[in-house]
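Chemist: I have a structure here, written as structure tokens, and I will follow up with some questions on it.
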Amino acid sequence: MLGLDALAATGTNAAMQAISGIAGKSKFKGVQKAANESLQRLADLQGLTVDEFEDRVVPDAGLDERGVRVLDYGPRQFRVGLGTDGKPVVHALGDDGRPTGKPRTSLPAPTSKDDAETAAETKKEFTVLRKHLTDVASIQTTRLERAMVTGRVWSAGDHAAYVLRHPVLNSLVRPLVWRLTEADGTERLVRVTEDREYVTVEEDPVEPGEGATIALAHPLTIDEADKDAWRTHLLDYELTSPVEQLDRAVFGLPDEQDGPALAGLPTGRIGPGALSTTLERAGWRRGEPQDAGVIHVFTLALPTHGVGVVLEISDGLWAGMLHESGPQKLDAVSLVPLSYVEGGVGYVWWDREDPRLDWTTVDPVVVSEVRRTLAAVEARMEA
């Protein structure tokens, strides 16, 4: 935990992003919890939500306002940026300063015409830059998918400042479709361009009005005609989305749904590592360890929707010895008020107090994303 305190004390964007990454991906429950608490404290100090705080500390990785960085071998120069797939893109620059030739994923080998010492230092610099860009892209791609799943909404001002014009995020979000909602309720689907503008599928520029909000459009909220139009648009611009969006699998409630527990759960068993990895990648968190350090539940908080989800597992996972736990069976998946999962859940006692909600009352996006995750779990179950 001292390491987290040291990171927080540096105050750099890279350090804040490192804490964000630990909070979202650490394999160790205690470390992950401490990282989340650290993020919450830092956000509270600035009067922000954790999401808003994380927006403000995304590193620029040394890229300029255009999202590029120029490196050189002496006589030759190269422009490095981030591709929409989250991977670095390298272009050689001509004498006029414009990109030439095909894009590359790494710097070319130096030649006899290059300055050997400069080229060697530049290669080292690029290695560090590539790792930094890859790390930033990985963490931010996870955040973007989480924003779509949870229904997060940005004010137009915040989105422009921290997404549209951010050197790294601008590249990642160009292939994504956003729902722009004006103060009067008028809605349009738009995307972000390299020129830091919003455009419609017909390529008409859009300037959000005062009081407008922006959110990533979930495929359940886009009709098929619009999906087809956007697929064509993105293909024309050779844009590859870092987040599964337009072609994302969607699910409804099972036909046999009846009662507070979600019907149609996978019936096999899954290894503890595969279970944890699959759930946590989708934003779920392990519950608090109970007697003998056993974890009995996973939880998913969906603040925008005002609800949480609790997944009960059979034998339980041993905290600190996850991979020594046996294969698990899914016992129940229940919808609960958000407050029930915000403070951490260890074990459920529905017979004492039953907070479970009716699955038919929740936004279909919640149902779809929960069942999509369960399908991913099923795909990794043991034969």
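We did not get these values from a lab; they are worked out from the coordinates using the rules stated. Since this is a predicted model, take the numbers as computed values, not measurements. Don't worry about glycine lacking a Cβ; one is built from the backbone with ideal geometry, like all the others, and counts go over all protein chains shown.
Chemist: Only Lys, Arg, Asp and Glu count, each charged at its Cβ (+1, +1, -1, -1), so figure out the dipole size of region 328-383 about its Cα centre, rounded to 20 debye.
Modeler: 180 debye
Chemist: Between residue 379 and residue 321, 0.36 nm times their residue separation minus their Cα-Cα distance comes to what?
Modeler: 18.5 nm
Chemist: Volume per residue, Å³, of the convex hull around the alpha-carbon atoms of the chain?
Modeler: Per-residue hull volume (Cα only) is 182 Å³.
Chemist: How would region 225-273 be classified by its alpha-carbon gyration tensor: rounded, prolate or oblate, with rounded meaning a/c under 1.5 and the a/b versus b/c comparison settling the rest?
Modeler: oblate
Chemist: Label-point separation (nm) for residue 102 and residue 358, each offset 7 Å from Cα along Cα-to-Cβ?
Modeler: 5.9 nm
Chemist: To the nearest 10 degrees, how steeply does helix 224-236 sit against the main Cα axis of the chain, on a 0 to 90 scale?
Modeler: Compared with the principal axis, the helix lies near 30 degrees.
Chemist: Let me ask something else. Residue separation times 0.36 nm, minus the C-alpha to C-alpha distance between residue 226 and residue 261: what's the value?
Modeler: Net length gain for the segment: 9.2 nm.
Chemist: To continue, here is another question. How big is Rg to Rh over region 194-341, alpha-carbon atoms, Rh as the Kirkwood inverse-mean-distance radius?
Modeler: Rounded to two decimals, Rg over Rh is 1.08.
Chemist: Kindly express, to the nearest 10 degrees and within the range 0 to 90, the angle between helix 13-25's C-alpha long axis and the longest C-alpha principal axis of the chain.
Modeler: It is inclined by approximately 30 degrees.
Chemist: Related question: Give me the tail of P(r) for region 27-151 as a percent: Cα-Cα pairs with distance above 27 Å.
Modeler: 35 percent
Chemist: Just add up the charged neighbours of residue 251: K/R +1, D/E -1, any other residue whose Cβ is under 15 Å from the Cβ of residue 251.
Modeler: -4
Chemist: Right, something else. Starting from the Cα gyration tensor of region 143-213, take the square roots of the eigenvalues, sort them a ≥ b ≥ c, and report rounded, prolate or oblate (rounded when a/c is under 1.5, otherwise prolate if a/b is larger than b/c, else oblate).
Modeler: It is rounded, given that a/c, with a ≥ b ≥ c, falls under 1.5.
Chemist: Of the listed pairs 87/329; 102/123; 102/227; 131/227; 87/124, which have alpha-carbon separations greater than 28 Å here?
Modeler: 87/329; 102/227; 131/227
Chemist: Here's a follow-up. Out of 270, 319, 296, whose Cα points farthest toward the positive end of the dipole of region 269-379 (charges: +1 Lys, Arg; -1 Asp, Glu; placed on Cβ)?
Modeler: Going by the Cα projections, it comes out as 270.
Chemist: If each residue's Cβ is checked for other Cβ atoms within 10 Å, how do 73, 162 rank with the fewest at the top?
Modeler: Final ranking by Cβ density, sparse to dense: 162, 73.
Chemist: Another one. Expressed in nm², what is the orientationally averaged projection area of the convex hull enclosing the Cα positions of region 135-280?
Modeler: It is 11.6 nm².
Chemist: Let me ask something else. Across every pair of different alpha-carbon atoms, what Kirkwood hydrodynamic radius in Å does region 68-139 reach?
Modeler: 12.5 Å
Chemist: Could I ask something else about it? Using a cut-off of 13 Å between beta-carbons, work out the net charge of the residues near residue 303 (Lys and Arg +1, Asp and Glu -1, residue 303 not included).
Modeler: So the surrounding residues net to -2.
Chemist: Among 126, 81, 116, which residue has its Cα furthest toward the positive end of the charge dipole of region 68-139, with +1 on Lys/Arg Cβ and -1 on Asp/Glu Cβ?
Modeler: Among 126, 81, 116, the one farthest towards the positive end of the dipole of region 68-139 is 81.
Chemist: Something else now. Subtracting the Cα-Cα distance from 0.36 nm times the residue separation, let me have the gained length for residue 128 to residue 329 in nm, one decimal.
Modeler: Between residue 128 and residue 329, full extension yields an extra 68.1 nm.
Chemist: Here's a follow-up. One quarter of the convex hull surface, Cα atoms only: what value does that give for region 337-378 in nm²?
Modeler: Averaging across all directions leaves 4.0 nm² for the Cα convex hull.
Chemist: Can you tell which of 345, 103, 370 lies farthest toward the positive end of the dipole of the chain, using +1 and -1 charges on the Cβ of basic and acidic side chains (Lys, Arg; Asp, Glu)?
Modeler: 103
Chemist: Moving to a separate point now. Given the -39500 (n - 2.57) contribution per DSSP H run of 4+ residues, what per-residue ellipticity at 222 nm results for the chain, rounded to the nearest 500 deg cm²/dmol?
Modeler: Result for the chain: -11000 deg cm²/dmol, rounded to the nearest 500.
Chemist: Considering the chain as a Gaussian network with a 10 Å cut-off on Cα pairs, which listed residue, 181, 221, 150, attains the greatest mean-square fluctuation?
Modeler: 221
Chemist: Stick to the Cα atoms of region 269-379, pair each with every other, and give me the Kirkwood hydrodynamic radius in Å at one decimal.
Modeler: For region 269-379, the Kirkwood estimate is 14.2 Å.
Chemist: Another question, if that's okay. Would you please give the FRET efficiency between residue 249 and residue 206, computed as 1/(1 + (r/R0)^6) with r the Cβ-Cβ distance and R0 = 41 Å, to the nearest 0.05?
Modeler: Calculated value: 0.90.
Chemist: Work out the length of the dipole vector of the chain about its Cα centre, built from +1 on the beta-carbon of each Lys and Arg and -1 on the beta-carbon of each Asp and Glu, and round it to the nearest 20 debye.
Modeler: Using Cβ point charges on Lys, Arg, Asp and Glu, the chain gives about 1420 debye.
Chemist: For helix 29-45, report the angle its Cα long axis makes with the longest principal axis of the Cα atoms of the chain; keep it between 0 and 90° and round to the nearest 10°.
Modeler: Around 70 degrees separate the two axes.
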